[in-house]
Structure formats: structure tokens, C-alpha cells
1. For residues in region 19-35 being without any contact (Cβ under 8 Å) to a residue 24 or more places away in the chain and outside any loop (DSSP other than H, G, I, E, B), which is surrounded by the fewest Cβ atoms within 10 Å (Cβ to Cβ)?
2. Here are 38, 47, 84: which of them is surrounded by 15 or more Cβ atoms within 10 Å (Cβ to Cβ) and over 15 Å from residue 20 (Cα atoms)?
3. Look at region 57-77 and say how many of its residues are surrounded by fewer than 16 Cβ atoms within 10 Å (Cβ to Cβ) and touching a strand residue (DSSP E or B) at 6+ places or on another chain (Cβ under 8 Å).
4. Report the residue count in region 37-60 for those that are free of Cβ contacts under 8 Å to residues at least 24 places away in the same chain and not in a loop (DSSP other than H, G, I, E, B).
């Protein structure tokens with residue numbers, strides 16, 4: 001197993017700001033080795049960030065659309081992932097524009 005998060009953000013649709021916004025209300029419990037139990041939504045979900053092509057989540061959004069879902073984003077935020085953290089200012093700017 002590797003301890004490097006291997007995510008091809010471009011292949012997985014990038015950081016979607018709508019999903020990122022929804023991820024902020026979730027809680028991630030790190031179970032070790034990049035594995036998380038994400039709670040706070042209608043159901044608990046399991047995330048594994050150490051997949052060769054992109055991370056895995058057991059939710060329908062990720063499985064059917066093959067995109068980075070809000071649960072993966074919640075886990076990546078807790079990991080301090082630079083790509084996700086650098087998307088936060090865009091989310092804040094969008095919120096300020098809508099207000």
C-alpha cells in the first residue's frame with residue numbers, strides 16, 4: 001500500500017464547487033491509511049483515497065458518475081489535500097457573488 005494519494009482530478013471531473021460546498025457539512029472519521037467513514041448526510045459512506053486512478057466511495061454519485069463525490073472531498077479536506085484546499089477561495093467568491 002502507498003501513503004501517497006493518487007488522484008487524477010482531471011479524469012475524475014476536477015473539484016466540483018457544488019459537491020465541495022455540500023462536503024463542508026459532512027464529518028470524516030479517519031480509520032487509518034486514507035480510509036474514512038463519512039457521516040452527516042442521509043447515509044454513512046466509506047471512502048478509500050489510495051486507489052491508483054482515483055479514490056473510491058461507495059455512494060451512487062461516485063460509482064455511477066465516476067466523479068469525485070462530496071464524501072471523497074470531505075475526506076480530502078481532512079487530509080489537507082492542496083488541490084481541494086485551493087478550490088475553497090473560488091467557493092467563497094461564488095458565495096459572496098450570490099449574496
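Readers should treat all values here as calculations from the given coordinates under stated rules, not as data from a laboratory. Remember, it's a predicted structure, so these values are computed and weren't measured experimentally. Neighbour counts are summed over all protein chains in view; Cβ atoms, including those assigned to glycine, are modelled from backbone coordinates with ideal geometry.
1. Residue satisfying both the conditions and the ranking: 32.
2. None of the other options fit; the residue is 47.
3. Number of matching residues: 2.
4. Selection size over region 37-60: 7.
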